[in-house]
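Each remark here refers to the structure printed beneath this line.
Readers should treat all values here as calculations from the given coordinates under stated rules, not as data from a laboratory. Everything numeric in this text was worked out from a predicted model, so none of it was measured. Neighbour counts are summed over all protein chains in view; Cβ atoms, including those assigned to glycine, are modelled from backbone coordinates with ideal geometry.
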Amino acid sequence: MTQKPQAKYLKDYVAPSHRVDSLALTFELSPRNTIVTAISECSAVDGESRLVLDGVDLELLSCQVNGEEWQAVEKTPSSLILTALPAHFELKIVTKISPQTNTSLEGLYLSDGAYCTQCEAEGFRKITYFMDRPDVLTTYTVTIIGESKYPYLLSNGNKVQEGSLEDGRHFAKWHDPHKKPSYLFALVAGDFDVLEDSYKTKSGRDVKLALFVDTGNLHKAPHAMRSLQKAMAWDESRFDLEYDLDIYMIVAVDFFNMGAMENKGLNVFNSACVLASQETATDRDFHTIESIVGHEYFHNWTGNRVTCRDWFQLSLKEGLTVFRDQEFSSDLGSRGLNRIDAVMAMRTHQFAEDAGPMAHPIRPEKVIEMNNFYTVTVYNKGAEVIRMMHTLLGEVHFQKGMQLYIERHDGQAVTCDDFVNAMMDASGMDLTQFKLWYEQYGTPRLNVVTEYDNTKQRYIMTVTQRHADNDPVKAPLHIPFKLELLDEQGQSIPLLTQQGEIKRALDITEHEQRFEFEQVATKPVPVLLEDFSAPVLLEYSYTIDELLHILRFARSDYARWEAMQQIFMIAVKSAIDSGEYTLDKRVLGALSSLVKTLEGDLALLAELLSLPTFDTLASQFETIPVEALVTVSNAFESQIAKALQQDLELAYASLSDTGSLEAHDVAIRAFKNKALYYLVKTDSNLVEGALDSQFASDNMTTKLASLKAAVSAEHDKMAQLFSEFDSQWRHDPLVMDKWLALHASLPNDAVIAKINALYDHPCFEKGNPNRVRALIGSFARNNPAQFHRIDGKGYELLGDLLIELNGINPQNASRMITPFMSWQRFDETRQQLMRAQLTRLANLEGLSDDLYEKVEKALAQ
Ligand code: B3K
Ligand code: ZN
């Protein structure tokens, strides 16, 4: 029997035994026989004579110490152990690897004929033997030798030499002056089209910018380039951080496990997160690209210059960098809409993770496979934790804290505590209690009870916090609680307490706290947890009328949307309780008047008209009532469509966009597309023509919305539109991903057969994570009725795929298993069916560590 994968613990951290003063790497590229020579200068830290290097799937050709073949070497499946070493030595290791057969997309692999690397978290060990951990920093000099069919040979830093070799091959040599950990190493070799531009930093240095894309795709690169320039300018103006090399390169590849990777000076991107033209990409794609380009760029300071001591500290760079990219998007676009996006991600995915077997604090304490911890908790909840500090400190002190953090730790590998300490020292605020957010997992609950004392004109609020476990002994968290009080006319009431006026937020620090607001002339409507000022579940019994008041008057767009979501949530719950699936007239009336007046941001209006996602609704129930949730949601959508038909028709006909990417046009498209989505559920005369004319558009947002509407209502035109789309876009896999995803959301019993048939479609490929996510990911996420079919066919489809992916790409398999992780939230029959799939996996010969960790946790419950 093979040994069970072993977990690593944060508490066991030990500093590295050796320093690496420099590393010179030479790659002789060949699809199955790439030779990697690694020469490093090493020094023992505490006189240690034993050195353990990480290495996986490597063929060791030679290992020399100070020029001599070293004999005291032991090889294990995951390491190379050298003993009897002197204090200082030169280590030369030669290994052979096979990029062509590397389908894990980790280490060095081939993506459509181009060599590329992915080293975070622990992929460098698939390239050579090394101390593959983030706290071993060194300077890299990299020589790449390749055939002339790979004209571009790229690595981190600056190119210092290049030339041809006698055998017809050529080479390039790169030097990165900044010390970095191995996870930030990158190499790319291939033939590309290149978009070049430049950026002048605020101190006047010229930086060359280069974007490498597959040949023929140059016209889809300008948006990413502009996004990069905007990101560089924004980081200078908001964070006072400037770029530090002479060149910044981005390479787009088709085979990639996630969105992108922040390798120093040489980002590698999933082509889906770079390529965009109005014909091929939706407005949402444009927005996503801008934010990911920003995110990777922002890592240059938060991640690369200051990096993590160990992988348990991942949120140090990811939470902070997500916060920074969210702020970038909000400063450039609509703050309200960006907040809505962020909260939806939290409620749809993070709360579910917190409630399942993979629940972990933003700084996990125990890990088997690190890749399993690039989670919504570490990233998105991590960003919420940074945001709470920002709320507590305010922008000025927060920025002071950032400056101090960078000044103290530039060039170091540090911990989350180091970050919070810098924030404390710079602001003078005590964040000791706040640090608990790094160690407690689960979603805390805040219960609010209010009372109005007419005679004293006093409004009293009692706030109780409860840990997710209901564990009363767990120490209370420090929670910033923003709120607004609205009077009857919808005006904001100042928050006057005995201690003075509350400007920023209430500090919740105890299990139970009481606040008294003075000079409140009439009973107010409270806007609680304004802007989702903390990642908690709020318990407060709002009435529909109070929520409608907030919808009309709250100062925050986010709060208005939130009120509408609450209204829908209450309506869905009471419909399920009563078996009466009718939406309250007051709600329909409010929606109708919003559409009639068409005031404000139309993109926000489109969001206001949207029901909460299935997962958000599901999180309200102990046992998820699948059929009832789907039926009620459909019923409510039909009722909204019917009640608002005329208003929507009028609005639809009165609005037109010019096709530009300006916020105004984007908003018009968002609203019109939402209108069409509803109208297609009615007998409106406008629908036929609208579907046709939108589908004929050369703007992908407009076109795709037509197909989406047709699919959602299974309109007669659906089959024809699907087939026309296929003929038009079959040559472009990124566009076909949208087509695959819509097939997966088909609301009928034929969808499973359809998906099986699509496995044979020429554009589909199981080894490509984008295709798998588009088809199966969308099915499991966006088609709850079919995925959770009571005959188990949906689960079987996913189970079969996971077994295949386990052998091809464990990282992707592990991400795709997410829907099974919540198996305990369902009824008995579904529980058994999902368990059966998990058990199938548990018994699988050669189960990867990635899946093992999740399957074991899921079944242990
Ligand atoms: N740091 C990378 C993610 C690496 C994931 C490794 N499984 C991208 C990012 O967060 O910017
Ligand atoms: Zn990141």
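Annotations
- Computed from Cα atoms, the angle from the helix 585-597 axis to the main principal axis of the chain rounds to 70 degrees.
- Overall form of the stretch 804-843 per C-alpha gyration tensor (a/c, 1.5; a/b vs b/c): oblate
- Cβ-to-Cβ counts within 10 Å put T509, T37, T215 in ascending order as T215, T509, T37, the fewest first.
- Placing a label point 7 Å from the Cα of K793 along the Cα-to-Cβ line, the residues of the stretch 734-750 whose backbone N sits under 14 Å from it are 746-750.
- Positive end of the dipole of the chain (Cβ unit charges, origin at the Cα centre): among V587, V45, S778, the Cα lying farthest that way belongs to V587.
- For a paramagnetic label modelled on K208 (point 7 Å from Cα along Cα→Cβ), amide N atoms under 19 Å away belong, within the stretch 244-261, to 244-252.
- Projected label points at S62 and A653, each 7 Å from Cα along the beta carbon direction, are separated by 8.2 nanometres.
- Gyration tensor (Cα) of the stretch 309-461, equivalent ellipsoid semi-axes in angstrom: 28, 22, 17
- Nearest-0.05 FRET efficiency for T829 and R458, computed from C-beta distance (R0 35 Å): 0.10
- Pair K200, R50: separation of 7 Å Cα→Cβ label points (nm): 5.9
- Sorted by Cβ density within 10 Å, fewest first, the residues H223, H295, H761: H761, H223, H295
- Förster radius 60 Å - calculated FRET efficiency between A753 and A87 (Cβ-Cβ, nearest 0.05): 0.35
- Computed label-point distance, nm, for sites E845 and S78 using a 7 Å Cα→Cβ extension: 2.3
- For the chain, the calculated P(r), taken from all Cα-Cα distances in 10 Å bins from zero up to the bin holding the longest distance, is 2, 12, 21, 25, 21, 12, 5, 1, 0, 0 percent.
- Sequence-distant contacts, meaning Cα pairs under 8 Å at least 6 residues apart, place the relative contact order of the stretch 454-603 at 23 percent.
- Bridging of K708 to lysines at a Cα separation below 18 Å is possible for K672, K674, K681, K717, K738, K754, once same-chain residues fewer than 8 apart are set aside.
- Relative contact order, percent, the chain [alpha-carbon distance under 8 Å, six or more residues apart]: 8
- Assuming charge only on the beta carbon of Lys and Arg (+1) and of Asp and Glu (-1), the dipole of the chain about its Cα centre is about 460 debye to the nearest 20.
- Nearest 10 degrees, 0 to 90: helix 382-409 Cα axis against the chain principal axis: 30
- In plain terms, the chain from Q71 to E765 could stretch by 245.3 nm, reckoned as 0.36 nm per residue minus the Cα-Cα distance.
- Rg to Rh, two decimals, where the stretch 720-784 supplies the alpha carbon set and Rh follows Kirkwood: 0.93
- For the chain, with +1 on Lys and Arg beta carbons and -1 on Asp and Glu, the positive-most of L105, T215, P5 along the dipole: P5
- Total formal charge among the other residues, if their Cβ is under 13 angstrom from that of K173, Lys/Arg +1 and Asp/Glu -1: -1
- Cβ-based net charge around M424, under 12 Å, with every Lys or Arg adding one and every Asp or Glu removing one: -2
- Fraction of beta bridges assigned by DSSP in the chain that are antiparallel (%, nearest 5): 80
- Over the chain, dividing the summed -39,500 (n - 2.57) contributions of all DSSP H runs of at least 4 residues by the number of residues returns a 222 nm mean residue ellipticity of -12000 deg cm²/dmol.
- Mean separation of Cα contacts under 8 Å, 6 or more apart, over the residue count of the stretch 1-131: relative contact order %: 26
- Above-threshold pairs, the threshold being 30 Å between Cα atoms, out of K642/K703; K366/K482; K435/K503; K126/K317: K366/K482
- Pairwise FRET efficiency - V396 versus A663, Cβ, R0 = 41 Å, nearest 0.05: 0.90
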